[in-house]
Amino acid sequence: MSPSDYSPDESLIRKVALERDTPIVDLILKTIDEISESIGWRATLLGLCPVSRATIRAAIECAKFLNFPLFFVVTLNQVDIDGGYTGLTQKDFVKLVRRECEEVGYRGPTIIALDHGGPWLKDKHVAERLGFEEAFEWVKKSVEACIKAGYDLLHIDTTVDIWSKQLSIDTIIERAVELIEHAEAFRAEQGAHKLSYEVGTEEVHGGITSPQLFEEFIRKLKTKLKERGLENVWPCFIVGNVGTFLAPNNKFNLEKAKMLVKIARSYKLYVKGHYTDYVSNPEDYPKAGMGGANVGPELAHAEYMALEELDKLEKILYQRKKIEKPSEIMKKLDESIIRSGRWRKWLTKEERALSFEELAESKKRWLLATGSRYVLSTPEIYKSRIRLRDNLKTWGVYSEDVVTSRLRDVIWKYVQAFNLKDLLLKLNEKLIERV
């Protein structure tokens with residue numbers, strides 16, 4: 001297999017990674033360290049969830065104009081062998097990203113990562129109440145599809161078991177190493193480039209939340225990998241509980257993060273934060289030495305709000321008889337979200353017995369906005385968006401430009417806070433010294 005078969009870009013960083021036979025994410029993180037040592041500056045990589053096609057486009061545009069590495073973190077709910085809620089397989093997704101990069105003119109490194117790869121981390125499998133063997137085998141097939149498509153990083157997350165109240169660290173590690181072993185064997189069979197890995201989660205029920213358990217997890221993982229003959233395979237990222245959760249009043253715990261970063265770095269690991277959406281102090285991530293952080297539902301929220309604004313404009317035009325048939329985009333969008341039932345995943349214990357209409361208005365609004373990601377790619381909503389676009393275009397309003405603009409605003413906030421602007425220039429300068 002030639003590099004062009006699996007490499008989504010021809011950037012300097014990609015070329016160096018392939019020449020050195022090193023995973024590209026590991027290379028970027030180590031190069032950031034080198035830059036930081038010389039100028040006392042730190043950057044945190046931004047992982048963007050491709051919750052919609054508009055988000056993919058906005059992310060690529062931002063990466064081009066702000067000159068930072070494009071980093072997509074893709075869940076099995078979003079993209080998978082069955083299409084996920086975006087309707088894309090792993091192969092489809094990589095092709096779409098390549099095509100969009102060419103159209104936009106982005107020529108930097110394009111990193112594509114599996115996010116939360118593990119049993120029952122696909123909502124469908126929880127709803128179907130799959131047994132362990134069936135769920136585990138599905139994940140193995142999904143991992144194979146990721147490798148064949150050209151993914152660069154696999155987040156191996158075996159911390160969920162719907163048939164067990166609380167998994168032991170030993171069981172979590174045993175399952176994680178089995179998946180890593182399977183991925184490495186398949187990668188070698190395919191002749192694919194070396195992979196970066198991410199392990200752990202902040203969501204273990206009663207689990208890896210204390211610094212002591214965090215370090216125990218790392219030590220036991222290292223031992224188990226060595227036992228399996230995988231001592232040369234070591235993750236670059238470990239997910240840490242840094243106080244964040246999916247809610248509008250989100251805050252990053254700087255002191256706790258510093259503690260976890262100190263432990264992780266002693267084992268040559270970088271801490272990754274999940275649920276960074278809405279966080280009130282994103283500028284503290286680089287201060288803590290965080291290696292990366294993921295954002296997703298906040299992007300869906302921005303897209304929802306943009307569509308709501310456009311819907312209002314369309315209604316005015318319809319009331320004034322300037323258009324014949326409105327798209328009714330928000331009515332259809334809200335109905336689809338509620339009908340999907342996937343908003344239930346984000347209810348508190350106190351809310352789980354309530355119907356959607358019985359929830360507080362502020363909670364309903366938030367669930368609709370963030371839950372839009374589950375239905376934005378459905379044929380029904382796609383058709384409505386086409387009508388919305390055509391109705392407004394007649395009057396000089398370009399709906400998709402408005403949506404992309406709102407998404408770029410969210411991404412820019414994190415790019416600025418994470419010191420990512422012009423990171424590619426700094427990385428290239430450092431790497432080219434050794435080419």
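Taking Rh as the Kirkwood radius, which is the inverse of the mean 1/r over Cα pairs, what is the Rg/Rh value for the stretch 109-213? Reported Rg/Rh (Cα atoms, Kirkwood Rh): 0.97.
Order 160-169, 46-55, 307-316, 418-427 from most to least packed using the mean count of other Cβ atoms within 10 Å.
46-55, 418-427, 307-316, 160-169
Along its first, second and third principal axes, ordered by size, the chain spans 71, 52, 43 Å in Cα coordinates. Straight-line cross-link partners of Lys315 among the lysines, defined as a Cα under 27 Å from its Cα and at least 8 positions apart when in the same chain: Lys325, Lys331, Lys332, Lys363, Lys364, Lys383, Lys393. In this simple spin-label approximation, Met305 and Lys321 carry label points 7 Å from Cα along the Cα→Cβ vector, and these lie 3.7 nm apart. One chain, two ends: Lys287 and Lys331. Fully extended at 0.36 nm per residue, the span grows by 11.5 nm beyond their Cα-Cα distance. Which residue, chosen from Phe132, Val415, Ile111, occupies the Cα position most advanced towards the positive end of the dipole of the chain, where the dipole is computed from +1 (Lys, Arg) and -1 (Asp, Glu) charges on Cβ about the Cα centre? Farthest towards the positive end: Val415. For the chain, the longest principal axis of the C-alpha atoms and the axis of helix 361-371 are separated by about 60°.
Charges were assigned to the Cβ only: +1 to each Lys and Arg, -1 to each Asp and Glu. The resulting dipole of the stretch 290-336 about its Cα centre is roughly 380 debye. Normalising the average separation of contacting C-alpha pairs (under 8 angstrom, six or more residues apart) by the number of residues puts the relative contact order of the chain at 20 percent. As a fraction of the 1.4 Å probe accessible area of the stretch 183-308, surface on carbon and sulfur atoms comes out at 51 percent. Summed over qualifying helices (DSSP H, 4 residues or more, each -39500 (n - 2.57)) and divided by its residue number, the chain shows a 222 nm mean residue ellipticity of -16500 deg cm²/dmol. Angle between the Cα long axis of helix 423-432 and the longest principal axis of the chain, 0 to 90 degrees, nearest 10? Here the helix axis deviates by roughly 30 degrees.
Count the net charge of all other residues whose Cβ sits under 14 Å from the Cβ of Glu357, scoring Lys and Arg as +1 and Asp and Glu as -1. Once positives and negatives cancel, what remains is 0.
Computed on protein heavy atoms with a 1.4 Å probe, the accessible areas place Arg175, Arg342, Arg219 in the order Arg219, Arg342, Arg175, largest first. Could you compute the FRET efficiency for Glu34 and Lys258, with r as their C-beta to C-beta distance and R0 at 22 Å, rounded to 0.05? The formula returns an efficiency of 0.55 here. Considering only Val16, Phe71, Ala54, the residue lying farthest towards the positive end of the dipole of the stretch 1-102 is Ala54, judged by Cα position with unit charges set on Cβ.
Radius of gyration over Kirkwood radius for the stretch 1-121, both on Cα atoms: the Rg/Rh ratio is 0.98.
Thinking of the stretch 202-295 as a set of Cα atoms, what percent of all their pairs are more than 23 Å apart? Counting pairs separated by more than 23 Å, the tail of P(r) holds 24 percent. Of the solvent-accessible surface of the stretch 43-120, computed with a 1.4 Å probe and all protein chains present, 47% belongs to carbon and sulfur.
Between the residues Thr44, Trp234, Ile162, the greatest Cα displacement towards the positive end of the dipole of the chain, with unit charges on the Cβ of Lys, Arg, Asp and Glu, is found for Thr44. Helix 169-190 sits at what angle to the longest principal axis of the chain, using alpha carbons and giving 0 to 90 degrees rounded to 10? With both axes taken from Cα atoms, the answer is about 90 degrees. On the principal axes of its alpha-carbon atoms, the stretch 210-256 has extents of 44, 18, 14 Å, going from largest to smallest. The alpha-carbon of Lys258 sits under 16 angstrom from the alpha-carbons of these lysines, leaving out residues fewer than 8 places away in its chain: Lys268, Lys272, Lys287. Each of Gln212 and Ala353 was given a label point 7 Å from its Cα along the Cα-to-Cβ line. The distance between the two points is 3.7 nm.
Pairs of Lys residues in the stretch 1-140 that lie 8 or more places apart, or on two chains, and have C-alpha atoms under 27 angstrom apart add up to 15.
The Cα atoms of the stretch 97-146 cover 45, 19, 14 Å along the three principal axes, with the biggest extent listed first. Asp82 contributes an accessible area of around 70 Å² to the protein surface, as traced by a 1.4 Å probe with all chains present. Computed over the stretch 270-391, the P(r) curve from all C-alpha pair distances, binned at 10 Å from the origin, holds 12, 34, 29, 19, 6, 1 percent per bin. For the stretch 323-370, the dipole from Cβ point charges (+1 on Lys and Arg, -1 on Asp and Glu) about the Cα centre works out to 280 debye, to the nearest 20. Per residue, the accessible area of the chain comes to 43 Å² when a 1.4 Å probe rolls over the protein heavy atoms.
Solvent-free Debye calculation, one equal scatterer per alpha-carbon of the stretch 284-356: log10 I(q)/I(0) at 0.13, 0.15, 0.20, 0.22 Å⁻¹ equals -0.65, -0.76, -0.95, -1.02.
Taking amide H positions as modeled 1.01 Å from N, with prolines and chain starts lacking one, the residues under 5 Å from Tyr197 and 5 or more places away or on another chain are Leu154, Cys236, Phe237.
If only the Cβ of Lys and Arg carry +1 and only the Cβ of Asp and Glu carry -1, the dipole of the chain around its Cα centre is close to 840 debye.
The values are calculated or read from the model by the stated rules, or taken from the named source; none is laboratory data. Note that this is a predicted model, so its numbers are computed, not measured. FYI the Cβ positions are ideal-geometry reconstructions off the backbone, even for glycines, and counts take in every protein chain you see. These area figures cover heavy atoms from the full protein model, side chains too; ligands, DNA and RNA do not enter into them. Shrake-Rupley method; radii C 1.70, N 1.55, O 1.52, S 1.80 Å.
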